[in-house]
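**Q** If you scroll down you'll find the structure; I have some questions about it.
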Amino acid sequence: MCGMIGFVNYKKDISNSKDILINMKNALSNSKNDKMEFYIRSLCGNFL
Amino acid sequence: MTKWNFIFGHCVATSYNLHFNINSDFIISFNGKLYNAKELRQTLEENGFLFETNDDTEILLKSYIYYGKDVVKHLNGIFAFVIWDTEKEELFMARDHFGVKPFFYTIKNDSFIFGSEIKAILEYPGVETILDSQGISELFGIGPAHTPGITVFKDIFELKPAHFAVLNHSGLHIERYWKLESKQHVDNLEQTCDNVENLLKDSINRQLVTDKPLCTFLSGGLDSSIITKFASEYCKENNLPILNTYSIDYVDNDKNFVKSDFQPNSDNYYINLMLNNLKTNHHPIIIDTPELADYLEDAMIARDMPGMADIDSSLLLFCKYVSPNSTVALTGECADEIFGGYPWFFREDALKSGTFPWSIAISERQTLLNPVISEKVDLQNYINYRYNESLQQVEILDSDSQETAEKRKISHLTLNWFMQTLLDRSDKMAMYNGVELRVPFCDYRLAEYVWNIPWEMKALNGREKGLLRYISRKFLPAEIVDRKKSPYPKTHNPTYLAKVKSMLSDIMANKNAPINNLLNRDFILDILNTDAKSFTRPWFGQLMTGPQLMAYLCQVNMWLEKYNPRIEL
């Protein structure tokens, strides 16, 4: 299974929210063995 | 100005095309497949765009850069995607014409959260599972269908098919970009046949393009036989390996098959007719009762709600067995919706029922609610509201005959509600196993053209899908062309009834089982004691009777245990 996940916030710094994204990814059906890619842009800069 | 913060992610199976494409100004996450990627790329190259990959994602992003929001008007495919536009400081999201690919979202504590599945959104801190009056009405009044844009959970929404959304400092703006427009049909029968055949062939050929192992699902019915015939020819013409085909059946179904008006014959004879004709590399998949019941929970989880019981779990298992060898499958789904193949297109009582004809057991559904809840939730009112709201969207032309006008209404309901339910089922059960199902009959250009064909021509010779049969006669065996419509096969094995009856009995033996809080315990015990004969009409469609109703009730309890929704009335 593959799927999209993500969130956007215009108030908070979410650069430390990668764990939430990983939890969301792991919730996707049959995703345990799939590779994950993510991209974060926050007030603190961009992370890939 | 406040800067936006965002975090995108996606998981990528090795068999599937879903990637980020990042440059300094745009970031894209895309789930799906473009069937007109070649033409899009050519236009972009003619306008100075350079490409680093052969990936649909790069083509989609550069199409957005070129066309802006109008990009959705140039896409043919199955897709859900998000694009972050740095200069505009906005998130652009879109979903394909018929909603083959899912897209859910919610807003919580200043965050806009999105995902391909509800269960992923539920992982975001603070997002709750709340079942309010609308959710209960959706689940037990409309379900397993759903009102476009709405989910069973309060404040969790889906982006409707054929819609895009923009999120920026002004808020969330959602807009429809496509619908079936009623126009007068001017082509004669011969021209109509040529156009339908060309559109269908073009759709199939586009959807056969893949670098993944390919197959078709073959039931020996008209629709899957057309797809398989053209796919087989395509493989031969393009020096591809012999086409793999798959069919589904159940252990001992040959001994236990019971004829009905809706299911007049089993598939095997007709599958063999096609195999003798096409010589494909065929794989029959035979499913047994224990696994069919065991996978009811997986099927519920795949949908994030109780669904079509073993009609779902069998497809999930079917895809599980297909997936080691083929990860892209073409199916004949949606032909009945596009070309008018269901019995309710012809039955006077269904046309005049004043409700969704695949879901007529409204009084039984109301009785199924826990009496305390039933006092506060009026399913009939909710269904009437949604039904009438939907019918108001139908465009009837002055030039339409009375019959065409009536059939536009039933077609509109079927396309927007019933077909969506089956597309949800297909995508979720298949993607659960990493299989990508493609539905050539769902090509929006084909649907646009067929929408306006007068009913007298669409139901040529008074037959369901008469026009499609007429066209197919020149390339399919007559017995396939004349075969009466038969739905997706279900098990007739009595061991399945025994199994789900035992499962439901075990659930009901526990008076604290969550199903008791939501549904009418006495009625469920009555259903158990009568082998579901006390529920006199199908729960949904034509197949969800007896064992399927019991299996559905098991799924309801599984869902309540896993998702633990808070009831808020």
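Nothing in this text is a laboratory measurement; each read-out follows from the coordinates by a stated rule. Every value quoted in this text rests on a predicted model; they were computed, and no experiment measured them. Counting neighbours? That spans all protein chains shown, and the Cβs are built from the backbone with ideal geometry, glycine included.
**Q** To the nearest 20 Debye, how big is the dipole of the protein assembly as shown about its Cα centre, given +1 on the beta carbon of each Lys and Arg and -1 on that of each Asp and Glu?
**A** Its charge dipole is roughly 460 debye.
**Q** Here's another thing I want to ask about it. Taking other Cβ within 10 Å of each residue's Cβ, how do B:Leu351, B:Leu296, B:Leu189, B:Leu315 sort, fewest first?
**A** B:Leu189, B:Leu351, B:Leu296, B:Leu315
**Q** Subtracting the Cα-Cα distance from 0.36 nm times the residue separation, let me have the gained length for B:Asn198 to B:Leu240 in nm, one decimal.
**A** Here the segment from B:Asn198 to B:Leu240 would lengthen by 12.9 nm.
**Q** Enumerate the residues in region B:478-500 having an amide nitrogen under 16 Å from the point lying 7 Å beyond the Cα of B:Arg347 toward its Cβ.
**A** Residues passing the 16 Å test: B:485-488.
**Q** Using unit Cβ charges (K, R positive; D, E negative) and no other charged atoms, how large, in debye to the nearest 20, is the dipole of chain B about its Cα centre? List each step's numbers first, then the result.
**A** On the way: 57 positive and 75 negative charges, 171 e Å.
Result for chain B is approximately 820 debye, rounded to the nearest 20.
**Q** Let me ask you something else. Extension gain B:Asn54-B:Asn188, at 0.36 nm per residue separation less the Cα-Cα distance, in nm? Mind dumping the intermediate values first?
**A** Working: separation 134, 0.36 × 134 = 48.24 nm, distance 4.13 nm.
Gain on stretching B:Asn54 to B:Asn188: 44.1 nm.
**Q** Between B:Glu561 and B:Glu395, what is 0.36 nm times their sequence separation minus the Cα-Cα distance? Round to one decimal in nm.
**A** Difference between extended and current length: 55.4 nm.
**Q** Also: Residue by residue through region B:33-38, which ³J(HN,Hα) values in whole Hz follow from phi under the Karplus form 6.51 cos²θ - 1.76 cosθ + 1.60 (θ = phi - 60°), with glycine and proline marked x?
**A** Values, residue by residue: 8, 9, 8, 10, 4, 4 Hz.
**Q** Please compute the average number of Cβ atoms from other chains found within 10 Å of each residue's Cβ in peptide B:108-116.
**A** That average works out to 6.
**Q** Further question on the same structure: Give me the percent of DSSP beta bridges within the protein assembly as shown that run antiparallel, rounded to the nearest 5.
**A** Counting only bridges with both partners in the protein assembly as shown, antiparallel ones make up about 75 percent.
**Q** Considering only Cα-Cα distances, which of the following residue pairs are longer than 28 Å: B:Lys428/B:Lys458; A:Lys25/B:Lys212; B:Lys201/B:Lys490? Numbers along the way, then the final one.
**A** Details: B:Lys428/B:Lys458 31 Å; A:Lys25/B:Lys212 24 Å; B:Lys201/B:Lys490 30 Å.
Violating the 28 Å limit, Cα to Cα: B:Lys428/B:Lys458; B:Lys201/B:Lys490.
**Q** I've got another one for you. If you count the DSSP beta bridges with both ends in chain B, what percent of them are antiparallel, to the nearest 5?
**A** Bridges in chain B are about 65 percent antiparallel.
**Q** Report the label-to-label distance for B:Ala498 and B:Val258 in nanometres (one decimal), using points 7 Å from each Cα along the Cα→Cβ vector.
**A** 1.6 nm
**Q** Would you grab the residues whose amide H sits under 5 Å from the one on B:Leu369? Only those 5+ places off in sequence or on another chain, please, with H modelled 1.01 Å from N.
**A** Counting only residues 5 or more places away or on other chains, the set is B:Asn520.
**Q** Quick check: Cα centre of region B:368-413 to Cα centre of region B:492-525, how many Å?
**A** First find each Cα centre; the distance between them is then 31 Å.
**Q** Here is a follow-up. If amide hydrogens are placed 1.01 Å from N in the peptide plane, which non-local residues have theirs closer than 5 Å to the one on B:His283?
**A** Under 5 Å from the amide H of B:His283 lie the amide H atoms of B:Thr245, B:Tyr246, B:Ser247, each far enough along the sequence or on another chain.
**Q** Can you give the longest run of chain B that contains no GluC sites (Glu not before Pro) sitting in a DSSP loop with at most 12 other Cβ atoms inside 10 Å?
**A** The segment B:376-569 is the longest one with no such site.
**Q** Provide a whole-number value for the mean count of partner chain Cβ atoms within 10 Å of the Cβ atoms in peptide B:425-438. Please report the intermediate quantities before stating the final value.
**A** Working: counts 0, 0, 0, 2, 1, 1, 6, 4, 3, 7, 1, 1, 0, 0.
What the average comes to for B:425-438 is 2.
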